[in-house]
Every structure is written in C-alpha cells, then in structure tokens.
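What follows is a single structure, written as structure tokens, with notes after it.
The values are calculated or read from the model by the stated rules, or taken from the named source; none is laboratory data. As the structure is a computational prediction, the values presented were derived from the model and not from experiment. Glycine also receives a Cβ, built like all others from the backbone with ideal geometry; neighbour counts cover every protein chain displayed.
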Amino acid sequence: MSGAKVFFTSMRCKVGDSLLNKMDRLILKAGIDQIDFDKKYAAIKIHFGEPGNLSFLRPNFSKTLADRIKALGGKPFLTDCNTLYVGRRNNALVHLDAAFENGYSPLSTGCQNIIADGLKGTDDIEVPVSGGVYCKTARIGRAVMDADIVISLTHFKGHEGTGFGGVIKNIGMGCGSRAGKMIMHNNGKPEVKPSVCVGCRVCARFCNYGAISFGDDKKAYIDHDRCVGCGRCIGSCNYHAIHNPNEGSGDELCCKMAEYTKAVLDGRPHFHISVVNQVSPCCDCHNENDAAVIPDIGIFAGFDPVAVDKACIDAVNQAPVITGTVLSEQNHPEADHFTAIHPVTDWRVQISHAEKIGLGTGSYELVTVD
Ligand code: SF4
Ligand code: SF4
C-alpha cells in the first residue's frame, strides 16, 4: 500500500485567527468535503472524558466539526459506547451525565449525544470482520452502525494497555459494546464479587448460555464451562458485582482493536481527526490525568486511520520531554516515549496488524496547513 496523505496544523495561532478556525481549514484541506454528507447521519466518535480527568478534548473541537458537517448537509451526532469497568460512563444515564458535566451538551456542540450501545451497553450489532484473524465478527454499538458516515475525533495520548490511544483505540475499543469490549479484553470469563452481589437475578436474564446460577447464599455464580465470555451480564448488573478479572495489556488486545476498527469502518465513508495536546501518559478513561509528557503539537487529519495514528506517534516520539513528568523520570534512554512510559506494551502491534488486515497504511506524507 502506498503512503497516505495526513494533514497537519500546529498549535501556533496568530492574533485574529483561532485554533478552531485552523482545524476547520485543516479538515477542508484534508478533503472532508469529498464525502457526500447530504441528509446523511454522521457519527462523530468522541470520548466524553471520565469526570475528574481534565485532558479530554474540549467540546469546542466537536462544535467546529459538527458545524462543518451540517454546512455540508449532514446530520452529525456525538457518540460513544459504555465502558466495561466501573466508573461514570458504564451505562447511558451516568454516561450522559458525565458528558454534560464535561461540557458536552447540544448548546455547546450544536448536536446531540447518543450512547451507541444503549442504556446498559447491551444494544449492539454483530458485524463481520473482513480479514479478521482474532475476531470473525465484532459487537458494535447499534447507533454507530446505524450511521451513514463515521468521523473520529480523537484525543491522542499514551495508554497503559496498548501503548498509545489514537484513532484505532477510539474507534475499535470505543465503538465496541460492553460485550465487544469484553471480547477484546477477554482472555477469560467474568466473575461475580460475592460481597457486592445482592442476588437480584437480573444478570441471569441476560445470559443466553444459562451460565449463571444461584447458590444457597442467593449470590450469582458463573459456570465457566458454559460461559462464552460475551460480557452481557457485566452490563446488566446494576450493582457492578460482575467484573472481568482478565483486563490486561498485550498484543492480542491491540490486534482485536484494529479488527474492531475495520468492522466499524468497512463499507462506509470515514474520516479521522486527532488532536495531539495535553499528551497524558494514560487513557482519558482514568478519573485523573497525570501531567502532559511533551509539549502540545497540533491537529492531524486524513482518510486513513492508520496513517493518522502513525503520524501522531512519530510526532510525539520526536518531541522533547517535559521535565518533571513521568516520562522524564523513566530510565529507558534507548526507548521511544511510549515504550519508556509503558514498557510492557508494544504500540507497533496496533499499526502492523492494522496494515496486515487492510485497515490502512503506516506510510504517510505529511502536508502542513497554516
Ligand atoms: S445482577 Fe448483579 S447483583 Fe443481581 S444477581 Fe447478578 S451479579 Fe448479583
Ligand atoms: S459473559 Fe455472557 S455467557 Fe458468560 S455469564 Fe456473562 S452473559 Fe453469560
């Protein structure tokens, strides 16, 4: 595959201009108007930010993008799926609360928020993964798959499980329903925390495999011989009594994310924007963020999700380290920035597997836009 064009604008801004104007010029130069938006639903995949974290993207970026899509005739909405773990975004009610709390409202962005996999994260569609090695199908939030066009708007940062969090993470993990996330994370089966389970039996109604039974103590018990690891029970429990004990990093997780991204994007127009600012060492899913490890760099955009991710990786790895941060405290002088922060991860796997399955290319030509 030949190199893809990735368009870039820096964080520098002249008096009388604004970074939002620069972003709008960037996406036009990158060709977003080549997409036929006329009367089409455009899903903008965003991370609303876990409350407490302050490095997520400001809603102003979403408004600029939504306004542009509307000007092109489209019907944009902001979307994300519920998380697998306990937090403030693991069902649609608290997820929407978190989005509003972080400033994502129709008043600020000009479009609606839709939690793609529904109230409890169980509203998904099984989508084929063309060329998938680890996943033949992917469980994707319904609203994402109902959209005609997918646009990713990503905060690029480090990630403790996958090395970096970029387009592939935003779409692949982010558009997976809770069952989909379970499959990506899963090297095992969920478990019940007996001290938290109240014996309400709701989870058993969601299990299509008859894997959940109840003991004399009325607590739920998961039979791992019957369980297929679909994760639906995790979303069904109002008490967060069911968890995945096998969440972990690893190459397989990176590969599955790339395959889920392909399931989401195949057969539909798509476009990708990544903002490389406040590059925190870990995911915005944390309810805190450590100090940015490099100076703010700029915004990248293009049609190839893999090329956009690789351009962001290269830019971060070429950037100077900010002193007094977790990156400056690492003692891995030979390692790139991502490997230095998270030595157990290998960010290259996301790129290489994405290339292998035909999601895109890590070869790119960088075009600078003023
Ligand atoms: S839904 Fe949760 S609290 Fe209710 S029985 Fe199942 S595990 Fe226990
Ligand atoms: S993960 Fe799926 S199969 Fe396993 S117990 Fe939960 S709902 Fe049943």
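If you go through the stretch 203-227, how many residues are part of a loop (DSSP other than H, G, I, E, B), at pLDDT 80 or above and either away from ligand 1 (no atom under 11 Å from the Cβ) or surrounded by fewer than 16 Cβ atoms within 10 Å (Cβ to Cβ) (or both)?
Count: 12.
Name the single residue that is nearest to Lys256 (Cα to Cα) among those in the stretch 155-172 being at pLDDT below 90 and touching a Leu at 6+ places or on another chain (Cβ under 8 Å).
Thr162
Being in a loop (DSSP other than H, G, I, E, B) and of a type in the set (A, V, I, L, M) is the filter here; which residues of the stretch 276-291 pass it?
Val279, Ala291
Residue-wise test of (1) within 16 Å of the chain's Cα centre (by Cα); (2) farther than 19 Å from Phe156 by Cα; (3) outside the structural domain of His155 (by TED's automatic domain parsing).
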| position | (1), (2), (3) |
| --- | --- |
| Ala263 | yes, yes, no |
| Phe271 | yes, no, no |
| Asp314 | no, no, no |
| Leu327 | no, no, no |
| His337 | no, no, no |
| Lys356 | no, yes, no |
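Scan the stretch 194-207 and report the pairs whose first residue is within 13 Å of ligand 2 (Cβ to nearest atom) and whose second residue is part of a helix (DSSP H, G or I) and modelled with pLDDT under 95, with Cβ atoms within less than 6 Å and a gap of 6+ or a chain change.
From the stretch 194-207, the pairs are Val202/Ser236; Cys203/Cys233; Cys203/Ser236; Phe206/Arg232; Phe206/Cys233; Phe206/Ser236; Cys207/Cys233.
Please state which one of Lys136, Lys157, Lys181 is without any contact (Cβ under 8 Å) to a residue 40 or more places away in the chain and away from ligand 1 (no atom under 16 Å from the Cβ). If you could, list the steps in order and put the result at the bottom.
Details: Lys157 fails: without any contact (Cβ under 8 Å) to a residue 40 or more places away in the chain; Lys181 fails: without any contact (Cβ under 8 Å) to a residue 40 or more places away in the chain.
Only one candidate passes the filter, namely Lys136.
Hey, Pro194 hits all of (1) modelled with pLDDT of 90 or more; (2) within 8 Å of ligand 1 (Cβ to nearest atom); (3) not in a helix (DSSP H, G or I) but one; which does it fall short on?
(2)
Got a number for residues in the stretch 228-261 being among the polar types (S, T, N, Q), assigned to a helix (DSSP H, G or I) and modelled with pLDDT under 80?
The qualifying residues number 1.
Kindly provide the set of residues from the stretch 327-347 that are free of Cβ contacts under 8 Å to residues at least 60 places away in the same chain and surrounded by fewer than 21 Cβ atoms within 10 Å (Cβ to Cβ), ordered by number.
Across the stretch 327-347, the qualifying residues are Ser328, Glu329, Gln330, Asn331, His332, Pro333, Glu334, Ala335, Asp336, Pro343.
Quickly run through the stretch 234-288 and pick out the residues that are of a type in the set (S, T, N, Q) and within 16 Å of ligand 1 (Cβ to nearest atom).
Result: Ser236, Asn238, Asn244.
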